[in-house]
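Computed from the coordinates by the stated procedures, all read-outs in this text should not be read as laboratory data. This one's a predicted model, so the numbers in the text were calculated from it and none came from an experiment. Every residue, glycine among them, receives a Cβ derived from its backbone with ideal geometry; neighbour counts consider all protein chains shown.
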Amino acid sequence: MNLTTQTSNSSQQNTALKDIEELTISLVIQNFNPTLLSYDFLNMSGIVPKEWELASQPIMNQKGSQVSFKNGLNIIAQPNTISFIEGLGAKELKELQFANIAQKYVEKMSNAQYQAINVISKIIIPFSEDKEGGKNFINDTLLRSGVWRNFGNITPQASVNLLYQLDECQLGVNINPAQLQQEKNIISAVLFAGNFNYNLTTLSDEVKITKLTEKINNWEKDLTTFRELIYQKFLQKAIIEKASLFDTL
């Protein structure tokens, strides 16, 4: 299958379909207890503005806690990890709040034992030409043809995991088939998930905070790098507008 042909056909057949994007900053913290995350803590500490409204009742337990706001920001805590997540949607990049809130969290919790910071981008690419477009993209474009495909009753479903070594970090990329609901139709898609992992374990506590601040503030650089990899290297097309994972398709 020709990659350029497939992606251009997809755009021509259904221009209403837009790619979907979600962004995350995840802080890895030694001995972090998920119950430390609560709406009252976020509000009273000044990490989030007092006027922000909750989208749902917060969840808090030993396995994981979650606080979600109507503006689309989700904060999720799990053992040893706290994540700040936001869908792009119709927002401008400068309107996104996830990085600002992550930065305020680090400022308020500067004594935490930070081990790493992960800057994560997820992009879902819809394929409208057939119900198995996403699966076929992986099988036909990313994997070499062979007799391994001719086994059983249907074409196998595959995922691809890649690891890139960049100047300051490792970039892990997971590629999986996905499905989207559009009204009564199921749309085949591919999910590209990229994780820029910055290890902090060898740094002193003072340098860790400086490095955390630097990487949080430079999240747009990682996003640009990931978009270039996905759109120009994998899809061989220009970067286009994104929609939010929280929007209704």
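Numbers for the structure displayed
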read-out: Relative contact order (percent, whole number), the chain, Cα cutoff 8 Å, 6+ residue spacing; value: 25 percent
read-out: Radius of gyration and maximum dimension Dmax of the chain, Cα, Å; value: 19.7, 61
read-out: Proportion of all alpha-carbon pairs of region 42-132 beyond 22 Å (%); value: 36 percent
read-out: Computed over region 18-139: relative contact order in percent, which uses C-alpha pairs under 8 Å that are six or more apart; value: 38 percent
read-out: Region 78-124: GluC sites (Glu not before Pro) falling in loop per DSSP and having at most 10 other Cβ within 10 Å; value: 92
read-out: Using θ = phi - 60° and Karplus 6.51 cos²θ - 1.76 cosθ + 1.60, couplings along region 57-72 (whole Hz; Gly, Pro as x); value: 5, x, 10, 8, 7, 5, 7, x, 10, 8, 10, 10, 10, 5, 7, x
read-out: Over 28 Å between alpha carbons, listed pairs 18/184; 18/221; 63/221; value: 63/221
read-out: Value of relative contact order over region 150-206, rounded to a whole percent, pairs C-alpha under 8 Å and six or more apart; value: 28 percent
read-out: Along each principal axis, Cα extent of region 129-197, largest first, Å; value: 43, 37, 17
read-out: 5 Å-binned pair-distance histogram of region 172-219 (Cα, whole percent); value: 5, 16, 15, 13, 10, 10, 10, 9, 7, 4, 2
read-out: Karplus 3J(HN,Hα) series, Hz, for region 90-105 with 6.51 cos²θ - 1.76 cosθ + 1.60 (x for Gly, Pro); value: 7, 6, 7, 4, 5, 8, 5, 10, 4, 6, 4, 6, 4, 5, 5, 4
